Amino acid sequence: MSRTRLLTWQISLGLAMLLIWHAVSTWPILGDVKQIKFFFSTPTDVIARIWRFFATGMIWKHLWITLVETLLAFCIGSLAGIVIGFWLARQPRVAAVLDPYVKMANALPRVVLAPIFMLWFGLDIWSKVALGVTLVFFIVFFNVYQGVKEVSPVILSNARMLGMNERQLFRHVYWPSALSWMFSSLHTSVGFALVGAVVGEYLGSAAGLGYVIHEAESTFDMTGVVAGMVVLSAFVILIDWMVTLVENRLLAWRPQAGDRTS
Amino acid sequence: MSRTRLLTWQISLGLAMLLIWHAVSTWPILGDVKQIKFFFSTPTDVIARIWRFFATGMIWKHLWITLVETLLAFCIGSLAGIVIGFWLARQPRVAAVLDPYVKMANALPRVVLAPIFMLWFGLDIWSKVALGVTLVFFIVFFNVYQGVKEVSPVILSNARMLGMNERQLFRHVYWPSALSWMFSSLHTSVGFALVGAVVGEYLGSAAGLGYVIHEAESTFDMTGVVAGMVVLSAFVILIDWMVTLVENRLLAWRPQAGDRTS
Amino acid sequence: MSAEAGGQAAIELTGVAVSFGAGQQIYRAVADVDLTVAPGEFVAIVGPTGCGKSTLLNVAAGLQAPSAGHAHVRGRAVSGIVAEAGYLFQADALMPWKTALANVAVALEVKGASKREAEERALAWLARVGLKTYVHRYPHQLSGGQKKRVALAQVLIRDPAILLMDEPFGPLDAQTRTLMGDLLLALWQADRKAVLFVTHDLDEAIALSDRVVVMSAGPSSHIIAEHRIDLPRPREIGDIRLDPRFHAFQSAIWRDLKAEVMRAYGDEFAGLKV
Amino acid sequence: MSAEAGGQAAIELTGVAVSFGAGQQIYRAVADVDLTVAPGEFVAIVGPTGCGKSTLLNVAAGLQAPSAGHAHVRGRAVSGIVAEAGYLFQADALMPWKTALANVAVALEVKGASKREAEERALAWLARVGLKTYVHRYPHQLSGGQKKRVALAQVLIRDPAILLMDEPFGPLDAQTRTLMGDLLLALWQADRKAVLFVTHDLDEAIALSDRVVVMSAGPSSHIIAEHRIDLPRPREIGDIRLDPRFHAFQSAIWRDLKAEVMRAYGDEFAGLKV
Amino acid sequence: AQAPEKTRITLGVGGKALLYYLPLTIAEQKGFFKDQGLDVTIQDFAGGSRSLQALIGGSVDVVTGAYEHTIRMQAKGQDVRAVIELGRFPGIAVAVKKGVKWDGPADFKGMKIGVTAPGSSTNMLMNFIMAKSGLSPSDAAYIGIGSAQSALAAIQKGEIQAISHLEPVLSFLERTGDVRIVYDTRTEEGTRALFGGSNPAAVLYLKADFAEKYPRTTQALVNAFYKTLVWLKTATPADIAATVPEQYLLGDKDLYMLAAKNSQPSYSQTGLIPREGMQSTFDMLVKFDPEMKDAQVDLAKTFDDRFAKRAAELVK
Ligand SMILES: Nc1ncnc2c1ncn2[C@@H]1O[C@H](COP(=O)(O)OP(=O)(O)OP(=O)(O)O)[C@@H](O)[C@H]1O
Ligand SMILES: Nc1ncnc2c1ncn2[C@@H]1O[C@H](COP(=O)(O)OP(=O)(O)OP(=O)(O)O)[C@@H](O)[C@H]1O
Ligand SMILES: [Mg+2]
Ligand SMILES: [Mg+2]
């Protein structure tokens, strides 16, 4: 499919969804229009609001803060996930001992942890970053851990026979081999980093998209809530696109769809 | 490492953490004892509380509800992730068109979605299950999608030359090949299913572990909060252990550590 | 034009070319290949390493679309997998999550056989390739030659009308290779499949085939010579070498091949003496 | 006892046995293998498929701990990877994320060479194995024989004191095989490495080596015969076949091997005639 | 009285353990609902707005929440009405961290002030105070700090200099000596000083058509709450502590009793919302919420006093 055709399809799909939304919030197709409006607002209102966000410029400050938090959470979380994932995969004993504790930590509800993060990291961006990190870390960690274990044993033996030490094995074998696992997890984590940041803001902050959404929510301004979420979604596409750029560079060696099959 | 030695290590590690916790909440090592007690309670109190949870039997009802929600979220979410992941991986055009929308959906903060889920699914377990599903689904989905694409092209060509149709390819090639990807994501998702359920309860419910934690939190009862979280963590180990059992059965074919290396 | 002719031939490649990559980096592996395998004919392909033998087999199997020219199998233009062909790949292609037995049995199950029947026949086939005691092993627990023989059983059990074999006996010892060759010949004799067989062993090529095709070195590799092997059938591979004409064929093909390798790589291999 | 003797030998296996699996399912692949490779000696191993040749190489490389017996390399007991050995694996072992050039260059970089120097020398080595124009290809863009030659360059560029080679020339055409054999011999002649060489091609084994070791069929495979090849050195592989003693060696080894295969698999291959 | 039409009721609340909603817990624990022949399930939400959303979505039948919600809903064309007043003062207090210079509202300028959530009633009250003393609401930064733990952490770490919050956070902060209270709407004097009259807080509200469809059920609910209000008038903090579920006290029983004592005056006496209270709430909303600027609200529709009046007759 060519780039333009793909784009056309994507945009039509988006428009179709807008249309359905418009229809159900205008005519009583799916039940009470008033109720649907209360929960989902209407596309025209939302678009007008987004326009106002940008026209008045009030959104930039919030966007910027959320961006910083998301990027920090994403970078710190995935870096930690990668490093610890690699390390534990190479230290099976330590991994076995820590295993239940890692899984326990992964299951703690982050919403409950928020006050503790505020205590430790204050109300500034760092408590939100911490929240995002706890989400991103585990997703990346589990995937990197598995990715390292999936390294082809023959390639590994060969590399060791070539005289590679641990550091060189990491650089030449484990790292590239785990990359596709890692990137799969990074695509999930981008979203989760943003979720972490926004939820953190939602639970306590003075700025950021989460703050905007929360403010709108407590005055029952669903137009504001939905507009905030739309901005947020557009935003994640941007960050994900950056991840994809890096991915395509790093995974250039993989067979392409058109390449030979055997 | 033998089973018993591993267990000894794990238990010692747990005890060491308890000791540190006890120390910092008894002597002013890390700062104000009162503040630490307020935020983290003390191990003796927490243990006493957990004991009471079970002695009075009040916890069983809540545990049971959370268990049901978690299992449902986990099963539905991972099933949907697997099915849609496989399907999209085999339909590259559809996948390309949907790509930005999937990523947008993944970035929506679930906390904000809770009211909508309550609207759609009511206040019973189903709105909590829905919340868990939105977390589990994406984690599993991205991994399965990638897993299918990682199938060795030679094995795939061979299977096709053997005359396999799409269904048979799925059963004999894609499915087993994506299994290790899938299980990696399932370990992450178990935790997230629980998080979803508990956060759902936390945001609005009449029972469940999240309710217990929320209630304790609003009366400054940190002992209750921590006790709830400990019960929760113990719980996830149990579910994860079940996943591991299934995994070991399904991935019996893999080379073991002791097997040959080339 | 090829349509009518194709009605007769088992495999017919006309003017086939295959290119890899795109733009500046394009690499034209084979070009202008015309090759016909008649029904029931056993054709061996030999050629310098990397000349495009596997590529041609991929084209015939429908795994690789030619960038120019046409491929027909039994008169039908190839588009997508060729269902009536069995392909023994050069690389390892067993499913690592299935035992040897399951790997072979699945080839029948796919055709609708019951699990029990498929396993019974798979057992018999594994015995034929000398792996009776290894049926419950996973591929990573088998040696290189054992894996190849499992793959052989996997292809043959389906009894395909057309056989594409890419160095099937490569990792086998000389004696087992003879046994497997005899097995293949016996099968072929029985119902005269069309066989396209890639090998580096000239003796094997001569002993087995009706015709040996020699390819030039790449890029733009094509067919430079054909030798019709009119030794009497049925043959026993062990004995055929005693035929005086065997050595004449051997040296003729060897001469073609050697000249080609030296012409193509003469300068590449220049730095060869250390 | 073996410690002193080991002081002399490049590789010394004494009473080596290797078992796979555990309990009921245990499979004893090799047993009671005594094999010594003197410094500067070129030893070829031949044997029926699946007899345990790769397993022995793994033991010598330190990749597989023997379940009984001892392995010494240059007098030191083997435990873990043997640093002074270069091992050409039977299976594909190139890193798929590196180009041919990078795959070869990394073997030097690991030893501390600068990237530039490593790439220069890697280029020279790739030219020697006839792949000058393929240096920027990824493994999946190379043919089977090309991949094997990249792996060969990767092993040889490190100039290891001990060479372990598992069917290194398997997927090469007859002519290229001769060229590569000559290259290996020239290298060996220059500084007399100890070489342990697995092959299924008896001619190749005889042409290259000082000694051909024949293994019995598994399970519990061991060494059943040794043939000292006292043909004059230096040899040219193309010409050595003209030596009258060449054929005597050939038929002697062939006889050993054939008897062994037939003894071991006679009944397994029983169902062979279809 | 006749039996209610619908006996199974789902009631929503945003933070049941808060003293703001004490009447609900008392009614539940004392069995007043049961006495009226009702089977009430209480769904606890993470905030007042959540419980309102549940009401609109139809997953709960009635809500105990802020009166202000009914005005907002009327403005949005949702006919939501209060049927009985539970709290007559907002119960919110503004406190300044000890050691921070504060001599009058002018000092709020440039401060970071903690509120329960941006846009919530605690935020609105701050806006009101700022405006009254000639400042603009944007002269201070408001930080939403949801839970009590976060509030405490924020004050203690000096992340915020002032806080506008509810019980029991207030009593807790007061007792630890971290803050001093400067505005207090938990008491009659404090509320009068600020608003010049009462200012309805917690009410029981529901959709108008629910009251139409199930008048006897509604009456029964109101009766139960009315009984609670009567009980609360004479109860001692110890009575209250003895009535609420044990886990409410687990944090600290003395603290709970202190907070209960502080809150007691703020519970409604009559169950009826005075007219001027409605107006003052409405004025505040219009002033600070751009959404409400040009809203047409008939205040009479926000409170249906029939049930509370009747309850006063029925309940002795
Ligand atoms: N994906 C690809 N991109 C670029 N070149 C390719 C690709 N696949 C194969 N080639 C080239 O095409 C040529 C033919 O490859 P092919 O595998 O058909 O050779 P072959 O005759 O089977 O060799 P061998 O005997 O070594 O197996 C080789 O030179 C190879 O490098
Ligand atoms: N992990 C394993 N578990 C069980 N058996 C194994 C395992 N690995 C190898 N074997 C068995 O050990 C025997 C020797 O294997 P090996 O690979 O050394 O044979 P080989 O002589 O190299 O054969 P080939 O010439 O076919 O490569 C074989 O019979 C094989 O099935
Ligand atoms: Mg090939
Ligand atoms: Mg081998």
D:Lys147 vs (1) in the same structural domain as D:Thr49 (by TED's automatic domain parsing); (2) more than 16 Å from ligand 4 (Cβ to nearest atom); (3) closer than 20 Å to C:Gly170 by Cα: all pass except (1)
For helices (runs of 4 or more DSSP H) lying entirely in segment A:50-157, having 3 or more residues that are surrounded by fewer than 17 Cβ atoms within 10 Å (Cβ to Cβ) picks out A:58-90, A:92-106
Screening D:Arg211, D:Arg233, D:Arg192 for residues that are touching a strand residue (DSSP E or B) at 6+ places or on another chain (Cβ under 8 Å) and of a type outside the set (A, V, I, L, M) leaves only D:Arg211
Conditions (1) away from chain B (no Cβ under 11 Å); (2) surrounded by 23 or more Cβ atoms within 10 Å (Cβ to Cβ) -> A:Ala252 fails only (2)
Checked E:Val60, E:Val83 against criteria (more than 12 Å from every other protein chain (Cβ to nearest Cβ) and more than 14 Å from the chain's Cα centre (by Cα)); the one match is E:Val83
Would you check if there is a residue in segment C:18-32 being more than 16 Å from ligand 2 (Cβ to nearest atom), in a helix (DSSP H, G or I) and aliphatic (A, V, I, L, M)? no
Restricted to segment C:156-174 and to residues being more than 16 Å from ligand 4 (Cβ to nearest atom) and not in a loop (DSSP other than H, G, I, E, B), the residue farthest from D:Gly170 (Cα to Cα) is C:Ile162
Within segment C:27-64, the residues that are within 12 Å of chain D (Cβ to nearest Cβ) and β-branched (Val, Ile, Thr) are C:Val30, C:Ile45, C:Val46, C:Thr49, C:Thr55
Filtering segment E:268-305 for residues that are more than 20 Å from the chain's Cα centre (by Cα), surrounded by 14 or more Cβ atoms within 10 Å (Cβ to Cβ) and within 30 Å of E:Ala220 (Cβ to Cβ) leaves a count of 1
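Conditions (1) crowded, with 24+ Cβ neighbours inside 10 Å; (2) touching a residue at least 12 places away in the same chain (Cβ under 8 Å); (3) away from ligand 2 (no atom under 16 Å from the Cβ), marked per residue:
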residue	(1), (2), (3)
D:Val150	yes, yes, yes
D:Ile157	yes, yes, yes
D:Arg192	no, yes, yes
D:His200	yes, yes, no
D:Asp210	no, yes, yes
D:His222	no, yes, no
*asked:* It is to be established whether one or more residues within segment C:3-17 are under 26 Å from C:Gln154 (Cα atoms), part of a loop (DSSP other than H, G, I, E, B) and more than 16 Å from ligand 3 (Cβ to nearest atom).
replied: yes
Checked C:Pro66, C:Pro96 against criteria (more than 13 Å from ligand 1 (Cβ to nearest atom) and not in a helix (DSSP H, G or I)); the one match is C:Pro96
Picked from segment E:175-206 (must be closer than 29 Å to E:Ile42 by Cβ and modelled with pLDDT under 80), the residue surrounded by the fewest Cβ atoms within 10 Å (Cβ to Cβ) is E:Arg175
- Task: Tell me, please, whether a residue that is facing another protein chain (nearest Cβ under 9 Å) and assigned to a helix (DSSP H, G or I) can be found in segment C:197-205.
- Result: yes
Filtering segment C:69-87 down to residues that are assigned to a loop (DSSP other than H, G, I, E, B), of a type in the set (Gly, Ala, Ser) and more than 8 Å from chain B (Cβ to nearest Cβ) yields C:Gly75, C:Ser79, C:Gly80
Requiring at least 1 residues that are of a type outside the set (S, T, N, Q) and in contact with a Pro (Cβ under 7 Å, 6 or more places away or on another chain), the helices (runs of 4 or more DSSP H) wholly within segment E:6-91 are E:48-57
* If you go through segment B:16-39 one residue at a time, do you hit one that is polar (S, T, N, Q), touching a residue at least 12 places away in the same chain (Cβ under 8 Å) and surrounded by fewer than 16 Cβ atoms within 10 Å (Cβ to Cβ)? -> yes
Discussion item. Take D:Val46 and tell me if it is within 16 Å of ligand 4 (Cβ to nearest atom) and more than 15 Å from the chain's Cα centre (by Cα).
Written reply: no
Filter segment D:85-101 for residues that are in contact (Cβ under 8 Å) with a residue 60 or more places away in the chain and under 15 Å from the mean Cα position of the chain (by Cα); the one that is nearest to D:Val37 (Cα to Cα) is D:Ala85
_One residue is enough: does segment D:192-200 have a residue meeting the conditions within 16 Å of ligand 3 (Cβ to nearest atom) and at pLDDT below 90?_
no
Filter segment D:165-183 for residues that are of a type in the set (D, E, K, R) and more than 16 Å from ligand 2 (Cβ to nearest atom); the one that is nearest to the other protein chains (Cβ to nearest Cβ) is D:Asp173
Scan segment C:99-120 and give yes if some residue there is among the hydroxyl-bearing types (Ser, Thr, Tyr), farther than 24 Å from C:Thr55 by Cβ, in a loop (DSSP other than H, G, I, E, B) and facing chain B (nearest Cβ under 9 Å), otherwise no.
yes
Selection from segment A:200-215 of residues touching a Lys or Arg at 6+ places or on another chain (Cβ under 9 Å) and surrounded by fewer than 24 Cβ atoms within 10 Å (Cβ to Cβ) yields A:Ala206, A:Ala207
The lone condition B:Gly258 fails out of (1) modelled with pLDDT of 85 or more; (2) out of contact with any helix residue (DSSP H, G or I) (no Cβ under 7 Å at 6 or more places or on another chain) is (1)
Considering residues that are within 23 Å of the chain's Cα centre (by Cα) and modelled with pLDDT under 80, the number found within segment E:133-142 is 1
If we take segment E:105-179, then strands (runs of 3 or more DSSP E) inside it with 1 or more residues that are more than 8 Å from chain A (Cβ to nearest Cβ) are E:112-115, E:162-165
* To do: Determine whether C:Ala113 is of a type in the set (Gly, Ala, Ser), at pLDDT below 90 and in the same structural domain as C:Val150 (by TED's automatic domain parsing).
  => yes
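The values are calculated or read from the model by the stated rules, or taken from the named source; none is laboratory data. Since this is a predicted model, take the numbers as computed values, not measurements. Positions of Cβ are generated from backbone atoms using ideal geometry, with glycine treated the same way; all protein chains shown enter the neighbour counts.
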